[in-house]
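Below: one structure, written as structure tokens.
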Amino acid sequence: MQILLEVTTPIFLIIGGGYLVTHLGYMRLSAAEGLLFFVQNIALPVMLFNAMSKIDLGVGFNYKFLLSFYTGCLLSFIIALTISYLYFKRPWEDSVVIAFAALFGNTVLLGLAVVDRALGTDSLTGTYIIVALHAPFCFLVGITTMELYKSRATTGRPVIISLVSLIWKNAILMGMILGLIFNLLGLSLPEVLAVPVNMVAGSAIPAALFALGGILSQYKPTGDFKIIAMVCFLTLIFHPFVAWVLSSLVFDIPKPLIQSAVITASMPPGLNAFFFASIYGRGTRIAASSVLVGTVMAVFTSSIILYLIA
């Protein structure tokens, strides 16, 4: 228990600090949004570029490892979409947004931090690969499902154009792609550039956690509690369970990759769930509340999963 507290407490204290100072008015919400902009468009892309340019791709690109993680992602999406539409009787567009919240876990702001604290920097290779594929995979699933439905009634731009447009604007993904190019070509930065890059990269995770807390302070978990509970169950419990079953019982993969898959799968809904809802103007309250409630619940569920997976 002491080890678990040492791993998870600093992470959620930083999130709580960002939440508290913004909620109490010591930091304006606009400042938290500015910090999040710095994190998402500068610090995290630099950190992921740095990581992707150096990692051993042969270790991370293990198809059994990736199947273990992304099968749970896709199943969570399908289950949430089906239940929202058939049981909760929500419109199709709202159901897709709800399903996207169950699909898109917070692998960047929280996943990297938890794996780093729990397993050490050397165990981040698998998580980096998950992060590299996460946005393209999730947006492909979410946008395709939404646009195919909308295209039945309207003649908007093709699905592929919507997808490419969203991904191209994602600085995090662009940073990882550039890092991958450096890795494949065997390139490295000169010392005069490597030092500032390392400094900016080092600020990414703590700044991301603090910004996440500040952003969450504006949302209140109101209404639709059954739907929010379903999303949290799928992201915090169902997805890591599927990842554990596949990675440890079905596939034969190294233990560090099993731990990486399960811990990363246990992350709550990420802010991209809210951004996705905002793009389509549907289900924004549910998406925001799922992010807030899921992040709070992750304090306990991630600790339990860390204990079990260890």
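Every number here is computed from the coordinates shown, using simple stated rules; none is lab data. Since the structure is predicted, the reported quantities are computational estimates derived from the model, not experimental observations. Positions of Cβ are generated from backbone atoms using ideal geometry, with glycine treated the same way; all protein chains shown enter the neighbour counts.
FRET efficiency for TRP92 and ALA194, Cβ-Cβ distance as r, R0 = 35 Å, nearest 0.05? For TRP92 and ALA194, the calculated efficiency is 0.10.
Taken about its Cα centre, the chain carries a charge dipole of about 780 debye when Lys and Arg each add +1 at the Cβ and Asp and Glu each add -1 at the Cβ. Converting phi to 3J(HN,Hα) with the Karplus coefficients 6.51, -1.76 and 1.60 and the offset θ = phi - 60°, the range 255-271 yields 4, x, 6, 4, 4, 4, 4, 5, 5, 5, 5, 8, 6, x, x, x, 4 Hz in sequence order, with x at every glycine or proline. The ranking of ARG28, ARG282 from fewest to most other beta carbons within 10 Å of each one's beta carbon is ARG28, ARG282.
Highest mean packing first, where packing is the average number of other Cβ atoms within 10 Å per residue, the peptides 95-106, 198-209, 181-192, 135-146 line up as 95-106, 135-146, 198-209, 181-192. Taking all Cα pairs closer than 8 Å and separated by 6 or more residues, the relative contact order of the chain comes to 35 percent.
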